[in-house]
1. How do T8, T146 rank when sorted from fewest to most other Cβ atoms within 10 Å of their own Cβ?
2. In the chain, what is the count of Lys pairs whose alpha carbons are under 23 Å apart, counting only pairs at least 8 residues apart or on separate chains?
3. Could you list H295, H191 so that the one with the fewest beta carbons within 10 Å of its beta carbon is first and the one with the most is last?
4. What FRET efficiency would be calculated for the residue pair D238, N104, taking the C-beta separation as r and a Förster radius of 41 Å, to the nearest 0.05?
5. Rg to Rh ratio, region 241-311, alpha-carbon atoms and Kirkwood radius?
6. Work out Dmax and Rg for the chain from the C-alpha atoms and quote the Rg first, both in angstrom.
7. Take E227, E62 and order them by how many other Cβ atoms sit within 10 Å, fewest up front.
8. Given a Förster distance of 25 Å, report the FRET efficiency between R305 and N202 from their Cβ-Cβ distance, rounded to the nearest 0.05.
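What follows draws every value from the coordinates through simple rules; no lab data is involved. The shown structure was predicted, so the numbers you read here are calculated from the model rather than taken from an experiment. Using ideal geometry, Cβ is built from the backbone for each residue, glycine included, and neighbour counts are taken over all protein chains shown.
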Amino acid sequence: MRDDTGRTPLSWAAARGYEAVVQVLIERNDVDADAKDREYCRTPLSLAAEGGHGAVVRLLIEQNDVDVNAKDGGYGRTPLSWAARNGHEAVLRLLIERNSVDVNAKDNGGQTPLIQAAENGHGAVVWLLIERNGVDVDAKDNGGRTPLSLAARGGHEAVVRLLIEQNDVDVNAKDSGYGRTPLSWAARNGHEAVVRLLVERNDVDVDANNSAFSRTPLLWAAEGGHEAVVRLLIERNDVDINAKDSEYGQTPLIWAAEGGHEAVVRLLIERNGVDVNAKDNGGRTPLSWAASGGHKAIVRLLIERNGVVGQ
């Protein structure tokens, strides 16, 4: 018997994690262990996996008529995807032990279980997945974002560490929406620990610019006032400290001066080779922006710097 949403008694018991009730129901020959509800086309296994009910999942996957790769009608996620997304390590372990499970199944957003786990910072789940043969560690979602990109964006240090240890991970992969690399995302959001992990790699492009505004990681960090990140980036000899974005023609120093980020300005003007008089597309210098914003401390820093031209 189904209710108004199309759920059976087994669906409800599985969703709530009632192992004993599930056991009683699946022992009947006339119970459909793989019945989908009408609302979101969720199976009992899908609901149990989402909730992290390991004992129920174990009972269900032992049934011959249960499809371990069944996708729901809402997000297009498999039971493995739901377990990975919510960080249910024990459930995920049960599922990936099945040879028939599709470890790279993509949902409607193009996200694999690994992408789901990485985006949400579930380190233990990420570890289980990358240890599984056949898992695509560089899979891209519909936005062109890899597991590493999403982990870096969220500041998930442990996950980033696991992923960059994989030989087939592209540390400079750009997404298709903004053209940002994992380093760009981490720098933009001020994730110091993640930036440190990435800049320690020789193969990381510290000056990778995104396709939307041609901003480098240093430009993003300077604009956001992320002092610790800026410090890490300018310690690299190959960073372009005077890189300009394509939208406004502003350098990291201009962005920092405009935003009133005194500590960042101090770091930048102490760096050899910085152009303290660089002009943006409107002909304005760092001093001009600092003065118009009323940033007295930054104005003082700039006018005390040799070579600064007043306007």
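1. T8, T146
2. 10
3. H295, H191
4. About 0.70, to the nearest 0.05.
5. Numbers: Rg = 10.6 Å, Rh = 11.6 Å.
Expressed as Rg/Rh, it is 0.91.
6. Spelled out, the Cα radius of gyration and Dmax of the chain are 25.5, 87 Å.
7. On the way: E227 20, E62 10.
Placing the least packed residue first, the sequence is E62, E227.
8. 0.15
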